[in-house]
Amino acid sequence: MSETVLTVKTEKTPNPNSLKYNLGKKLMEEGSNANFPNTESAKRSPLATGIFSITGIVSVFIGHDFVTLTRKEDVSWDDINQEMAPVLENFFESDQPVIQGVAPVADKEIGCDSENPETIDTIKQLIEEKVRPAVAQDGGDIIYRGFEKGIVYLEMMGACSGCPSSGITLKNGVESMLKHYCPEVTEVRAI
């Protein structure tokens with residue numbers, strides 16, 4: 001019987017309290033993710049539940065082939081990393097799915113500017129093609145949540161949630177780009 005070796009590479013993120021674990025193994029479909037902001041939300045994920053058993057973990061974000069952990073500031077990454085290896089080994093040996101059951105219904109959009117469907121389509125396309133891939137590189141995700149009265153509402157997840165530089169990224173990066181391509185956009189807000 002051959003044993004599969006799991007190679008885990010950690011990668012720092014712009015958020016000093018988040019660390020990205022590149023697993024090199026498909027966890028979710030491309031473009032999909034699962035965000036677990038607390039232990040209670042992780043009940044449908046055996047992987048996230050196992051990770052929350054590690055002392056000091058405050059949130060878990062699962063991407064296509066990576067996991068991003070956010071810790072309490074007073075817990076060291078060395079301590080977390082020592083506990084993470086057996087959690088990952090146990091999970092992959094169990095052959096359980098990353099997510100069990102049906103995914104929860106997606107959040108409804110905040111305001112829907114029905115007079116500007118082309119603008120909304122352009123905003124969504126820009127977020128999908130230009131923003132999400134860049135944010136995933138940093139261990140997070142950014143999801144379109146609405147457009148109303150010139151304001152684009154976005155939700156930040158994973159390493160991006162609570163990151164000290166996320167406000168700058170939203171204003172200087174995402175907002176500037178959206179304003180350039182969509183003059184109807186006046187502001188971008190995180191929810």
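The residue list Lys124, Lys130 contains one member that is modelled with pLDDT of 90 or more and either in contact with a Pro (Cβ under 9 Å, 6 or more places away or on another chain) or of a type outside the set (Phe, Trp, Tyr) (or both), which is Lys124. Only one of the listed residues (Asp65, Asp79) is outside the structural domain of Ala136 (by TED's automatic domain parsing), in contact (Cβ under 8 Å) with a residue 12 or more places away in the chain, closer than 24 Å to Arg132 by Cα and surrounded by fewer than 17 Cβ atoms within 10 Å (Cβ to Cβ). That residue is Asp65.
In segment 42-54, the residues that are free of Cβ contacts under 8 Å to residues at least 24 places away in the same chain and among the β-branched types (Val, Ile, Thr) reach residues that are surrounded by fewer than 18 Cβ atoms within 10 Å (Cβ to Cβ) and part of a helix (DSSP H, G or I) with C-beta atoms within less than 9 angstrom, at least six apart or across chains, in these pairs: Thr49/Lys43. If the condition is being among the β-branched types (Val, Ile, Thr) and under 18 Å from the mean Cα position of the chain (by Cα), then segment 57-82 contributes Ile57, Val58, Val60, Ile62, Val67, Thr68, Thr70. Taken over segment 13-55, residues that are among the hydroxyl-bearing types (Ser, Thr, Tyr) and part of a strand (DSSP E or B) amount to 2.
The values are calculated or read from the model by the stated rules, or taken from the named source; none is laboratory data. Because the structure is predicted, anything quoted here is derived from the model rather than measured. Glycine also receives a Cβ, built like all others from the backbone with ideal geometry; neighbour counts cover every protein chain displayed.
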